[in-house]
Amino acid sequence: MKHKPDKEPFWKRKTLEEMTRAEWESLCDGCAKCCLVKLEDEDTLEILFTDAVCKLLDGNSCRCTDYANRSKLVPDCVHLTPKIIREVNWMPPSCAYRLIAEGKDLPSWHPLVSGDAESVHRAGMSVRGRTICESEVELEDICDRIVEWPTEIAD
């Protein structure tokens, strides 16, 4: 007797729009790359990531210290929706929301796949231990903080 495969996980069965709020929120792998200060090259429109992070980010847990009020406290913090995910070009390539929107699967280190919230950090795919708070960086020095690692994808 052949074993029937389990039902596919929700991110393979549903579009971003069809997901429940809990499913949507669980897609976030906790990498916090979206909390990095980003720059846009005026000539090429390329998005450049820096190692400076939002003042609300806890660099150890890679979580917002005031998620419920983040939009009030940080006016340029974007509340992600399926529509916004498909419109913005600044989400990191490893972002689960972006991957699903592009028809791709989640990587092996994603907590929904691994079953372990720490797997994103062990895989080196989070900002943990790599950042400085934006309030500690002078605006004129922000270009000196550009880094490549947020665009890397491991599996």
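The values are calculated or read from the model by the stated rules, or taken from the named source; none is laboratory data. Model, not experiment: these values are computed from the prediction. Cβ atoms come from the backbone with ideal geometry, glycine included; neighbour counts cover every protein chain shown.
So here's what we get for this one:
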| read-out | value |
| --- | --- |
| Odd one out for F49, checked against (1) surrounded by 14 or more Cβ atoms within 10 Å (Cβ to Cβ); (2) modelled with pLDDT under 95; (3) not β-branched (V, I, T) | (2) |
| Members of segment 120-139 found to be within 13 Å of the chain's Cα centre (by Cα) and outside any loop (DSSP other than H, G, I, E, B), listed by number | V120, H121 |
| Some residue of segment 119-126 being within 25 Å of E17 (Cα to Cα) and touching a helix residue (DSSP H, G or I) at 6+ places or on another chain (Cβ under 7 Å) | yes |
| Scope segment 11-54; condition within 11 Å of V127 (Cβ to Cβ) and assigned to a loop (DSSP other than H, G, I, E, B); matching residues | G30, C31, A32, C54 |
| Some residue of segment 94-107 being in contact with a Ser or Thr (Cβ under 6 Å, 6 or more places away or on another chain) and under 18 Å from P150 (Cα atoms) | no |
| Single condition A123 does not satisfy, out of (1) surrounded by fewer than 17 Cβ atoms within 10 Å (Cβ to Cβ); (2) of a type in the set (A, V, I, L, M, F, W, C); (3) free of Cβ contacts under 8 Å to residues at least 60 places away in the same chain | (1) |
| Within segment 59-116, tally of residues that are buried (at least 17 other Cβ atoms within 10 Å of the Cβ), of a type in the set (S, T, N, Q) and more than 19 Å from L36 (Cβ to Cβ) | 1 |
| Exclusive hit being over 28 Å from W149 (Cα atoms), modelled with pLDDT of 95 or more and over 13 Å from the mean Cα position of the chain (by Cα), set M19, M1 | M19 |
